[in-house]
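Beneath this line is the structure, given in structure tokens, with notes to follow.
The values are calculated or read from the model by the stated rules, or taken from the named source; none is laboratory data. If you're wondering where the values come from, they're calculated on a predicted model, not measured in any experiment. We place every Cβ from the backbone using ideal geometry, glycine too, and count neighbours over all the protein chains shown.
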Amino acid sequence: MQEENNNLIEDFCRDLLYGRRFSINTVKAYKADLYRFNDWQHELSILDGFTLNELRGFLRHEASRGLDSRSLAREVSSLRTFGNWLLETERLPTDNPAKLIAMPKTPVSLPGFLSVSEVCQVIDSYDETTVLGRRNRAIVELLYGAGLRASETATATLEGLNLTAGEIKVMGKGKRERIVPLPDLTCRSLKLWISTRSELTADSTDDPGTIFISIRGRKLDPRDIRRIVAFGVKHAARAAGATPHTFRHSFATHLLDNGADLRAVQDMLGHASLSTTQVYTHLTMERLREAYRKAHPRGEE
């Protein structure tokens, strides 16, 4: 019985990863949730135990272990997605009972961001008179200028970069491609870096084709991007604690502050759901409220 349950979970996860192109991290999280559900049921078939009462019992058990609302919400999502898959593959007879479980309310987590001057301070910390300084500045310019993730920046290719049109094609989560416009200053930094990029590939016969490469001509990975950002942040005290994602948050926040359309920002960020992008409107509104409280005669008692 246990082997059958394990095989079912593995089949589901393979379909998510290769069929539906879910991210590896999401699949790992869903798999862990389902294995916990399976263990909680002991020797019961996971199909026989996939009932509303059993699911609620499992979530009560998980809450008693001290899981926060965010973790519980992900477990509900795991169970719902699994239930939908069971229905689609005709393993459940009528309906998905997990759909009847209310999603736990999770607090809105407002992302951290930098001011425009703080972003500029980090960007200006890189020495453009050196090859690596040009590369590193271009990396941060791209993180902020296009709102890319660290992984997208590391894998962005020369083929997908069109500096004449001022745009870049990137592969985001779920293998979704998108084209993002580039501001003039970002294009300038990229042109300067690319003009000397060949210095790092002169002795290499295997150019990875990515925009950014290491001193040995290899492709960078997201850890390299984080390390490069950490260097700039270290030399710009006002931006202490910033990460590559902080520049993505700053990109979205500054666009919305200046009147950009929410759906346009969603497209540029590559969010599958508008609700993911809406967190930045909460951030912008909180700043407006703070400005109101400070400026309006009746804003503060």
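Taken together, the criteria place Glu90 among residues that are out of contact with any Gly (no Cβ under 9 Å at 6 or more places or on another chain), assigned to a loop (DSSP other than H, G, I, E, B) and loosely packed, with under 13 Cβ neighbours inside 10 Å.
The residue list Ala240, Ala260 contains one member that is under 24 Å from Gln121 (Cβ atoms), surrounded by fewer than 13 Cβ atoms within 10 Å (Cβ to Cβ) and free of Cβ contacts under 8 Å to residues at least 12 places away in the same chain, which is Ala240. Do we find a residue being at pLDDT 75 or above, in the same structural domain as Val140 (by TED's automatic domain parsing) and not in a helix (DSSP H, G or I) anywhere in region 244-258? Yes, that holds for at least one residue. Helices (runs of 4 or more DSSP H) fully within region 100-182 that include at least 1 residues being charged (D, E, K, R) and touching a strand residue (DSSP E or B) at 6+ places or on another chain (Cβ under 9 Å): 131-146, 150-155. Checking the stated criteria, Leu200 turns out to be in contact (Cβ under 8 Å) with a residue 24 or more places away in the chain and more than 23 Å from the chain's Cα centre (by Cα). Look through region 33-53, keep the residues that are surrounded by 13 or more Cβ atoms within 10 Å (Cβ to Cβ), free of Cβ contacts under 8 Å to residues at least 40 places away in the same chain and not polar (S, T, N, Q), and return whichever of them is nearest to Gly174 (Cα to Cα). That would be Tyr35. Within this structure, Lys99 fails the test of being surrounded by fewer than 15 Cβ atoms within 10 Å (Cβ to Cβ), of a type outside the set (Ser, Thr, Tyr) and in contact with a Ser or Thr (Cβ under 9 Å, 6 or more places away or on another chain). The single condition from (1) within 23 Å of Thr276 (Cα to Cα); (2) in contact with a helix residue (DSSP H, G or I) (Cβ under 6 Å, 6 or more places away or on another chain); (3) assigned to a loop (DSSP other than H, G, I, E, B) that Tyr30 fails is (3). One residue alone among Phe58, Phe22 is out of contact with any Leu (no Cβ under 7 Å at 6 or more places or on another chain) and on the phi < 0 side of the Ramachandran plot, and that residue is Phe58.
Close Cβ contacts (under 7 Å, 6 or more residues apart or on different chains) running from residues in region 105-124 that are aromatic (Phe, Trp, Tyr) to residues that are at pLDDT 70 or above and surrounded by 18 or more Cβ atoms within 10 Å (Cβ to Cβ) comprise Phe113/Thr246; Phe113/His249; Phe113/Ser250; Phe113/Thr253. Has region 42-53 got any residue that is under 26 Å from the mean Cα position of the chain (by Cα), assigned to a helix (DSSP H, G or I) and at pLDDT 90 or above? No - not one qualifying residue is present in region 42-53.
Of the residues making up region 119-160, those that are in contact with an Asp or Glu (Cβ under 8 Å, 6 or more places away or on another chain) and crowded, with 17+ Cβ neighbours inside 10 Å are Ile123, Arg134, Arg137, Ala154. Evaluate region 68-77: report whether one residue or more is of a type in the set (Ser, Thr, Tyr), closer than 30 Å to Glu177 by Cβ and assigned to a helix (DSSP H, G or I). Checked region 68-77: at least one residue is of a type in the set (Ser, Thr, Tyr), closer than 30 Å to Glu177 by Cβ and assigned to a helix (DSSP H, G or I).
Evaluating Leu67 against the criteria (1) more than 25 Å from Thr94 (Cα to Cα); (2) more than 21 Å from the chain's Cα centre (by Cα); (3) in contact (Cβ under 8 Å) with a residue 60 or more places away in the chain leaves one unmet condition, (3).
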